[in-house]
1. From the list Leu64, Leu80, which residue is more than 26 Å from Gly39 (Cβ to Cβ), of a type outside the set (Lys, Arg) and modelled with pLDDT of 95 or more?
2. Could you tell me whether Ser110 is among the small types (Gly, Ala, Ser), free of Cβ contacts under 8 Å to residues at least 60 places away in the same chain and within 20 Å of Tyr30 (Cα to Cα)?
3. Looking only at the stretch 101-112, count how many residues are more than 25 Å from Asp40 (Cα to Cα) and either hydrophobic (A, V, I, L, M, F, W, C) or in contact with a Phe, Trp or Tyr (Cβ under 9 Å, 6 or more places away or on another chain) (or both).
4. Could you list, in sequence order, the residues of the stretch 54-75 that are at positive phi and in a helix (DSSP H, G or I)?
5. Considering only the stretch 124-142, I want to know if a residue exists there that is among the basic types (Lys, Arg) and in contact with a helix residue (DSSP H, G or I) (Cβ under 7 Å, 6 or more places away or on another chain).
6. Select from the stretch 95-104 the residues that are crowded, with 18+ Cβ neighbours inside 10 Å and not β-branched (Val, Ile, Thr) and write down the one among them that is nearest to Asp137 (Cα to Cα).
Amino acid sequence: MGLFNRLFGQKQQDAPPERVSESVATMEQYLRGIMAHYGDAHFQGDTQAKQILSVYSFGGISALAIQHRMSPPQAHAVCLALLTSFFGFEPADAAAKAQAVITAAPDRTSHLYRIVHRGADGFIHWQQHSDDGAAKDFAEIMNHFKNFKKKEG
């Protein structure tokens, strides 16, 4: 009966519109803390750290979307707002990046899957503890990428 109601029952109400702007503000605060911990200079221009943090941030967006009962379009709006206003990506690039993380989030075979899900765990940890646990986790992810580059080169 639960599945039947979900498929054919009443449409779930969207979260209040202010949840979108509140979520963007929360994510900006969270991401600024990670950037400060890792070093703001790593995020200037089109850097690997900036690209990876944008993927990592989608985990936090997903967690907020669930917590606030946002609709998929509302969560997508949060994602696009962060990608354009916070990370500074061009709108077309932001749309492509949003689609990539949306597709990767449920796909265990995607190379982005683990980063997104670690981002969700890091965000929830940050909400509960208000410490630098997520920033340390992000730094650990970046170390994996640095070590991989060294092995390649």
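The values are calculated or read from the model by the stated rules, or taken from the named source; none is laboratory data. A quick note: this is a predicted structure, and the numbers were derived from the prediction, not measured. Methodologically, a virtual Cβ is constructed for each residue, glycine included, from the backbone with ideal geometry; neighbour enumeration extends over all protein chains shown.
1. So the residue among Leu64, Leu80 that is more than 26 Å from Gly39 (Cβ to Cβ), of a type outside the set (Lys, Arg) and modelled with pLDDT of 95 or more is Leu80.
2. no
3. Number of matching residues: 5.
4. Kept after step one, since they are at positive phi, are these residues of the stretch 54-75: 69.
The answer is none; no residue qualifies.
5. no
6. Of everything passing the filter in the stretch 95-104, Ala104 is nearest to Asp137 (Cα to Cα).
Table: residues versus (1) in contact (Cβ under 8 Å) with a residue 24 or more places away in the chain; (2) hydroxyl-bearing (Ser, Thr, Tyr); (3) surrounded by 18 or more Cβ atoms within 10 Å (Cβ to Cβ).
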residue	(1), (2), (3)
Tyr30	yes, yes, yes
Asp46	no, no, no
Lys50	yes, no, no
Gln67	no, no, no
Met70	yes, no, yes
Gln74	yes, no, yes
Val78	yes, no, yes
Thr84	no, yes, no
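Rundown of residues vs (1) touching a Leu at 6+ places or on another chain (Cβ under 8 Å); (2) outside any loop (DSSP other than H, G, I, E, B), yes/no style:
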{"residue": "Ala95", "(1), (2)": "yes, yes"}
{"residue": "Ala98", "(1), (2)": "yes, yes"}
{"residue": "Val101", "(1), (2)": "yes, yes"}
{"residue": "Asp107", "(1), (2)": "no, no"}
{"residue": "Arg114", "(1), (2)": "no, yes"}
{"residue": "His125", "(1), (2)": "no, yes"}
{"residue": "Asp131", "(1), (2)": "no, no"}
{"residue": "Ala134", "(1), (2)": "no, yes"}
